[in-house]
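Below: one structure, written as structure tokens.
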Amino acid sequence: MGKAILYIRDEKLLDSLKNRLRDRGFAEIIASGTPGELYEAALASHPEAAVIEYRANDLEISQTVKKLWDKAGLPIIMIAESSDLESVQTWGESIVSTILAKPVREEELMAALVLSIAAARRVDRLKEEVSTLKESIESRKVIEKAKGRLMERDKLSEAEAFRRMQRLAMDRRISMRQLADAILLTDSIAG
């Protein structure tokens, strides 16, 4: 595995987690002393996951966790006292990957890390897919608009306009989207 970043104020727990993560194959473990350092280190080092100790009424860590999720999409595992689990869940429901109760068992931590990292990777793939689909839809809109302009301007059927666009794109070795953009630009300049 790659890197993990930790923000744990309990020294005993911090040492234990560092050892557990090293034993389980994490190449680099970054421990931060403040929420600000945690945020800066996460942006600079691109860890695979963050393990953060929650303490009630710690507004700074709550804000940092939200920024980490928004800016880095980092899987976040919160460790909290049993009595604090509900408050963590309330504010962190949409941004925290996993919440573990103290004392943390190694099997639970490793399972949480593996599942959180896998889920984050799935989210990244889905974001890429959505972006690709949006671009495809936008391209289709532009191509359809250009095809409509050709049909109107040159009195072509839909099939004829599409074939002309295909032939022009192949002859010029450009994409249909690039050709459509050029047709629309030329049409707007001429019009």
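The values are calculated or read from the model by the stated rules, or taken from the named source; none is laboratory data. Computed from a prediction, not measured in an experiment: that's the story for all the values here. With ideal geometry, Cβ positions are generated from the backbone for all residues, glycine too; neighbour counts draw on all protein chains shown.
Worth a mention:
- Picking from residues in region 18-53 that are within 17 Å of Pro75 (Cα to Cα), in contact (Cβ under 8 Å) with a residue 40 or more places away in the chain and in contact with an Asp or Glu (Cβ under 9 Å, 6 or more places away or on another chain), the one that is surrounded by the fewest Cβ atoms within 10 Å (Cβ to Cβ) is Ser45.
- Pick from region 57-76, criterion in a loop (DSSP other than H, G, I, E, B) and at pLDDT 80 or above, ranking: surrounded by the fewest Cβ atoms within 10 Å (Cβ to Cβ): Gly73
- Residue among Asp58, Asp10, Asp15 that is closer than 22 Å to Glu108 by Cβ and either among the hydroxyl-bearing types (Ser, Thr, Tyr) or without any contact (Cβ under 8 Å) to a residue 24 or more places away in the chain (or both): Asp15
- Residues considered: Ile189, Ile174. Of these, the only one that is β-branched (Val, Ile, Thr) and under 13 Å from Ser139 (Cβ atoms) is Ile174.
- Any chance Arg9 is outside any helix (DSSP H, G or I), assigned by TED's automatic domain parsing to the domain that holds Lys67, modelled with pLDDT under 85 and more than 13 Å from Thr64 (Cβ to Cβ): yes
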